[in-house]
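Below: the structure, in structure tokens.
Every number in this text was worked out from the coordinates using simple rules, so none of it is lab data. Only a predicted model underlies this, so the values are computations on that prediction, with no experimental measurement involved. Note that each Cβ is placed from the backbone with ideal geometry, even for glycine, and that neighbours are counted across all protein chains shown.
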Amino acid sequence: MKGRPENLGPEVEARPVILEIEGLTHYFDSLRAVHDFSVTIKEGELVGLIGPNGAGKTTVFNLITGVYRPTAGSIRYEGAPLIGLPSHEIIQMGIARTFQNIRLFANLTVLDNVLIAYHPHSGYGLTDAIFRSRRFRERERVMIEQSQELLEIFGLADRQNDVAGGLPYGLQRRLEIARALATQPRLLLLDEPAAGMNPQEIDQLMELIRFIRDRFQLTIFLVEHRMRLVMNICEWITVMDFGEIIARGKPEEVRSNPQVIEAYLGRQAIR
Amino acid sequence: MRQFLRNTNVTFLAGAGLVFIIVQALINLGILNPYWQGVIFWGAAITMVSLGLNLIYGFNGQFSLGQYGFYAIGAYASADITYRWVRNDPSALVVVIFGSILALIFMLGVNAFLRRFYGVFTPTKFLLNFLAAVLGFFLAVRFVNPAIGQSLYQALNGLPSGISQQIVFFLALVGGATLAGIVSYLLGIPVLELGSDYFGIATLGFTIIVKVLLDNTDTILPFPEMKGARGMVGIPKWTTWPWVFFSFIAVVLVMRNLLHSSTGRAILSVREDERAAELMGIDTTSQKIMAFVVGSVFAGLAGGIRAHDLAFLHPTTFGFLPSFNPLIIIVFGGLGSMTGTIITGFFWIFLLEGVLRLYLPEGFETWRFVIYPIVLLLMMLLRPQGLMGRYEIAFLRRPLPPPKKEPSLAQKLIPEAGEVKA
Ligand SMILES: Nc1ncnc2c1ncn2[C@@H]1O[C@H](COP(=O)(O)OP(=O)(O)OP(=O)(O)O)[C@@H](O)[C@H]1O
Ligand SMILES: [Mg+2]
């Protein structure tokens, strides 16, 4: 199948496709940020996207989530075309993401950050809110409980009423993931979740990613520079450079691919 | 019992009830003369307008200068209803009320229809909604009014005169506020949905257009009774303390309950980071339009209250310079603080229109627009977050849910995930 390594085994190949990107191309004015990018991801997979700085990884995520409209190509999620849809509709279809440079609602509390992501599932309307109907109280209670449960998983339970912008960096990164999960996704896009973390924190993060993937039955597509994380948890990896795919395969194959080494060593060593 | 007394709802309602009774008593005893009554009523009206603007700008982050335009719409529309009513003409009442109802139904229909399509072109959406609104009011003028106008008038006038007056006033206030809401929705679609950075300019343009139309109500528009730039006289003076009080409390409660809900959090998220909010699945455009419409409805309601206290409306009241008042008030009080707006709003009118007007020499008004900017500048330098920052009194503060007690299933099952520390 297009956009996948060939040697992943029949068990995985038998699963349904969740995300299918074909020939994705995007220009910023005359800068070609992404060119002919194709990837097919099956349900339950944990796929990595790596590449040197400026390779176009974040742009791919932005294209999937409707931040930009691609110059060419197609993106299908569970068979439905995404291009042209507003971002919030794409998210509501079951795709969630985090941001490379943390974008929390910094002045709001930790709990509010998560509750906001529950909003499309709030299940009550304006009149319920204004008249404090029973449905309002009931749904608020459930939303708060669910959010608290999420915060607990991420070790943020005791910080729920703290201002998000005041959290230490590592916790802000985790809150980003917790907030993304509150949108109730089936596909989670993580953009450099380990940025700025030390090796020990990265190990904890890997644990966490594996855990949420099982618990919420997620498919995960992640961008990461830190090889420690990528090589350990990704089932397969796509490598891009200058907007194009230069390699894909299982971690050990990618690591020893001369083109990949060249792309990274040309500008920076594999960390 | 102590629990009951500590309940902020109880405290607030008791406090509000006390204020109501005291002011009413002072009025009945003749201690509060009409001048100071007017100051209080005016303060309440300006505060309602400013609360609406704070919802739009302070809480939702959309810088608007259109608030006085909606204030004017509410004032003139409700005034026209009662003006005509007391002159045995129910047409304005019927047209505004039934026109609004029809317009709302048609607009709901249009939007339900449009939801079935992907990526509707915004100008198309605007045009269809605009036509729906126009059709609603056209039908009201052309068919509903001739059909039921007179019989409605007879029926209402059959009631004891005190009661019929209160009903008509109520409908006039609701009608003015609804009209302001419909207009703001129509303005919001092109300006907010196109994601324009020029929302401030567009709304300022709107205020100016409204002012120009008011100057020409008797020439361009078919409302000779509004008398254009000469000012509309003969509006019944129906605003009383209970009307002011209950309108004000309604605005405060609606705004508070809205802000303390999931929608309120969505409104805040747009202010905090619109892109991130959109990428958390929030339809930021509808949140912006919603906040804009609710804020405008508040302004429209305040306009009705003000018009029936003044009994006289003049376009200059809604001109360019006064239109900055709500902005100054919310910046002073603190963007994103209802408490700040309420304090500053009343204080503003009390000081500038009450105390200073009495004690400062003639010609002081001219100096106001020299003094305001200087005071505002000082404020910006010394306390940029405003008087109250984002502080709220307990009743208006968003409740912080208590932390959960027993560990969740997740934590029991995999302690290491719950225990990871940064
Ligand atoms: N909004 C934008 N406007 C113009 N150019 C952009 C924009 N966003 C990204 N680019 C450019 O597109 C290219 C790809 O950027 P992108 O952020 O996707 O890279 P990346 O692989 O995520 O890099 P990094 O590892 O640094 O995050 C870069 O050259 C970048 O400068
Ligand atoms: Mg990036």
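Scalar couplings 3J(HN,Hα) for region A:216-222, obtained by applying the Karplus form with A = 6.51, B = -1.76, C = 1.60 to θ = phi - 60°, are 9, 6, 9, 9, 10, 10, 10 Hz; x denotes Gly and Pro. Over the Cα atoms of region B:361-400, the radius of gyration divided by the Kirkwood radius equals 1.26; this is the Rg/Rh ratio. The longest stretch of chain B left intact once loop-based trypsin sites (Lys or Arg not before Pro) with at most 11 other Cβ atoms within 10 Å are removed from consideration, loops following DSSP, is B:117-404. Using only alpha carbons, the protein assembly as shown has a radius of gyration to Kirkwood radius ratio (Rg to Rh) of 1.04. Taking every alpha-carbon pair under 8 Å whose residues sit at least 6 apart, region B:33-391 reaches a relative contact order of 34 percent. Peptide A:110-121 has a mean shielding of 6, counted as Cβ atoms of other protein chains within 10 Å of each residue's Cβ.
Counting Cβ atoms of other protein chains within 10 Å of each Cβ in A:135-148 and taking the mean gives 2. Could you let me know the centre-to-centre spacing of region B:8-64 and region B:310-346, using Cα atoms, in angstrom? If you average the Cα positions of each part, the centres end up 13 Å apart. With the convex hull drawn around the C-alpha atoms of region B:234-357, the volume per residue stands at 126 Å³.
Against chain A, whose longest principal axis comes from its Cα atoms, helix A:169-182 is set at around 80 degrees. For chain A, the longest principal axis of the alpha carbon atoms and the long axis of helix A:134-153 meet at an angle near 40°. Counting only Cα atoms, chain A measures 63, 42, 40 Å along its principal axes, largest extent leading. As an equivalent ellipsoid, region B:33-391 spans semi-axes of 30, 29, 18 angstrom, where each value is the square root of five times an eigenvalue of the C-alpha gyration tensor, largest first.
Restricting the calculation to alpha carbons of region B:1-111 gives Rg and Dmax of 19.8, 55 angstrom. The Rg/Rh ratio for region B:160-230, using Cα coordinates for both the radius of gyration and the Kirkwood hydrodynamic radius, is 1.12. Extent along the principal axes, Cα only, for region B:103-239: 53, 37, 26 Å, with the longest axis given first.
Applying the criteria of a DSSP loop state and at most 16 other Cβ atoms within 10 Å to the chymotrypsin sites (Phe, Trp or Tyr not before Pro) of region A:123-220 yields A:PHE131, A:PHE216. Assuming a viscosity of 0.692 mPa s and a temperature of 37 °C, what translational diffusion coefficient in µm² per second does Stokes-Einstein assign to region A:23-120, Rh being the Kirkwood radius over Cα pairs? It diffuses with D of about 218 µm²/s by this estimate. Using a Gaussian network model of chain B whose springs link C-alpha atoms within less than 10 Å, name the residue from B:LEU253, B:LEU356, B:LEU93 with the highest mean-square fluctuation. Between B:LEU253, B:LEU356, B:LEU93, it is B:LEU356 that shows the largest mean-square fluctuation. Just round it to a whole percent: the fraction of Cα-Cα distances in region A:102-183 exceeding 16 Å. Within region A:102-183, distances greater than 16 Å cover 48 percent of Cα pairs.
In this structure, the residue pairs whose Cα-Cα separation is over 26 Å, taken from A:LYS42/A:LYS250; A:LYS42/B:LYS288; B:LYS237/B:LYS288; B:LYS125/B:LYS288; B:LYS288/B:LYS404; A:LYS2/A:LYS250, are A:LYS42/B:LYS288; B:LYS237/B:LYS288; B:LYS288/B:LYS404.
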